[in-house]
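Any read-out appearing in this document is the output of simple, stated calculations on the displayed coordinates, not a laboratory observation. Here the structure is a predicted model, which means the values were calculated and not measured. Note: ideal-geometry Cβ built from the backbone for every residue, glycine included; neighbour counts use all protein chains shown.
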Amino acid sequence: MSTMRLDKYLSLAGIASRTETSKAVRGGEVLVDGTPAKKADMQVDPDTVSVIFKGQPVTYRQFTYILMHKPDGVVSATEDGREKTVLDLLPEELRRIRPALFPCGRLDKHTTGLMLLTNNGDLSHRLLSPTRHVDKTYVFTVKFPLSEEDVTALEAGVDIGGYVTAPCRVEPDEKDPNERGGSGRITLHEGKYHQIKLMMEARHNQITSLQRITFGPLVLDPALNAGEWRMLTEGEVAALEKAGG
Ligand code: URA
């Protein structure tokens, strides 16, 4: 691999933002090959360099993994002629990395919540494979409260237009007598296009909001506001690898 700036290296490794790196360099807290770095923009070779950031050795990752809180109104594609995409929410530096980042799976334009972006095509493929059964949990609101029959039918599987959904888990919230609609959580092991929307429609109901809060071992980080993102931790990457089998 060719050389790159130290601050870029630390940002891609998920260790620190450029601003954090500049601060740590000024404080003498970044060692490059054993010597305190003088400048955040010094060139390093990711293949051979040894960096210690605030006492912690840094391991450079072959792939990049980003946990995003997808906001409403943004499409989960890499490019779209008209609409803003999840990639547009990332800084230029991350949009330019190769192999390029892409969203692992899709969320509808108006669905918010946990979105994994990565450039590890092989792992993404494994996580999305129907045979892996990576659970995805969503918080939903619907126009009408769910009846017990609705819950039973949704859990057993409903016809969403030529396809009967696989068994899933539905946990409706305790009904608030002041609320006319319904709400709850649904956990799917598969991910057909518009699946939850169509499942509710099959019960003559209508999704009014949908947020994904888990994807396999990943949980939507409450510290991230809609539109914000962070790199996955080492632990999260290891858990994903395990979930991908
Ligand atoms: N099901 C839907 O209907 N929409 C999503 O975005 C995800 C699951």
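Structural remarks
- Given R0 = 45 Å, the distance between the Cβ atoms of Arg169 and Glu92 translates into a calculated FRET efficiency of 0.65.
- Semi-axes of the equivalent ellipsoid for segment 184-226, computed as √(5λ) from the eigenvalues of its C-alpha gyration tensor and ordered from largest down, come to 23, 13, 8 Å.
- Pairwise label distance in nanometres, Gln43 with Leu224, each label 7 Å out on the Cα-Cβ vector: 3.4 nm
- Of all lysines in the structure, the ones whose alpha carbon falls short of 22 Å from that of Lys136, not counting any fewer than 8 places away in one chain, are Lys70, Lys109, Lys192, Lys197, Lys242.
- Whole-Å distance, taken between Cα centres, linking segment 98-115 and segment 1-51: 29 Å
- Candidate lysines for bridging to Lys39, where Cα separation is under 30 Å - those fewer than 8 sequence places away on the same chain excluded: Lys8, Lys23, Lys54
- Per DSSP, loop GluC sites (Glu not before Pro) in segment 93-181 with at most 12 further Cβ within 10 Å: Glu174, Glu179
- Build a GNM of the chain with springs between Cα atoms under 10 Å apart, and of Val32, Val51, Val75 the one that fluctuates most is Val32.
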